[in-house]
1. I'm checking my understanding of the structure. Among residues of the range 100-140 that are within 11 Å of the ligand (Cβ to nearest atom) and β-branched (Val, Ile, Thr), which one is farthest from GLY169 (Cα to Cα)?
2. For ARG197, indicate whether it is basic (Lys, Arg) and at pLDDT 95 or above.
3. State whether the residues of the range 104-121 include one that is farther than 23 Å from THR16 by Cα and of a type outside the set (Ser, Thr, Tyr).
4. How many residues, within the range 11-61, are among the aliphatic types (A, V, I, L, M), under 20 Å from LEU186 (Cβ atoms) and more than 16 Å from the ligand (Cβ to nearest atom)?
5. Report the residue count in the range 141-160 for those that are within 12 Å of the ligand (Cβ to nearest atom) and either at pLDDT 95 or above or polar (S, T, N, Q) (or both).
6. Any idea which residue in the range 62-99 is farthest from the chain's Cα centre (by Cα), counting only those that are within 16 Å of the ligand (Cβ to nearest atom) and among the hydroxyl-bearing types (Ser, Thr, Tyr)?
7. Among GLU91, GLU182, GLU157, GLU152, which is the only one that is in contact with a Cys (Cβ under 6 Å, 6 or more places away or on another chain) and either surrounded by fewer than 19 Cβ atoms within 10 Å (Cβ to Cβ) or small (Gly, Ala, Ser) (or both)?
8. How about the range 83-100: which of its residues are in contact with a helix residue (DSSP H, G or I) (Cβ under 9 Å, 6 or more places away or on another chain) and farther than 11 Å from ALA18 by Cα?
Amino acid sequence: MSGSAREASAERPPATVAVLISGRGSNMQALAAGQGDAYRVVLVASDRPDAAGLDWAQAQGLPTFGLSPKGIGKPAYEAALDAALREAGAEWIALAGYMRLLSGDFVTRWQGRIVNIHPSLLPKYKGLDTHARAIAAGDRQAGCSVHVVTEELDAGEVLGRASVPILPGDTPETLAARVLVEEHRLYPAVLKEFVRR
Ligand code: GRF
């Protein structure tokens, strides 16, 4: 780090990040563990109020927000989510196993401030079943990518990638477990850089 960059990071308060999850939230836990001078997690939100990750976040004393769009519709759901994010003082949003597509309106409101972790070496294998597709294609490497979220699925600027070998006999499950270890390393590291640039 240059002298001026060090001064800037010493002066700047940590960036404030909300993490959006839909399930177990292991990446959210890795992001929480990575909190420090670069960023703080100010909210953990979920579209599934029963998400296991919300229980973990609550037990850690992190502010949480759980709301399902079922019954109220996407516009009302996103309006409530947006209000909760602003109320929490979030400047950035990190999607971590958040299984819902955000609307164009929502993405525009948070333009360039939403990142996601995706379990493939983007631009390969956007969407679901990434590990099965990588194995079926005979790839020798798999991995994960952190990217900026745009309206188009898994298509924004790639901020960082980590690779793992695909081993003989790998199943989607064994490969997913190996990639997940890298996800937990990559995501906090990339987020720290991203909120500082
Ligand atoms: C991760 O593999 C992530 O890359 C993908 O969904 C999974 C979520 O896992 N988008 P977790 O909830 O972070 O444990």
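The values are calculated or read from the model by the stated rules, or taken from the named source; none is laboratory data. Predicted, not measured: the structure shown is a model, and the values here were computed from it. In this analysis, Cβ positions are derived from the backbone assuming ideal geometry, glycine residues included, and neighbour counts consider all displayed protein chains.
1. Across the range 100-140, the extreme among qualifying residues is ILE117.
2. No: the conditions fail for ARG197.
3. Yes, the range 104-121 contains at least one residue that is farther than 23 Å from THR16 by Cα and of a type outside the set (Ser, Thr, Tyr).
4. 2
5. 7
6. Among them, the one singled out is THR64.
7. The unique qualifying residue is GLU182.
8. Correct list: GLY97, ARG100.
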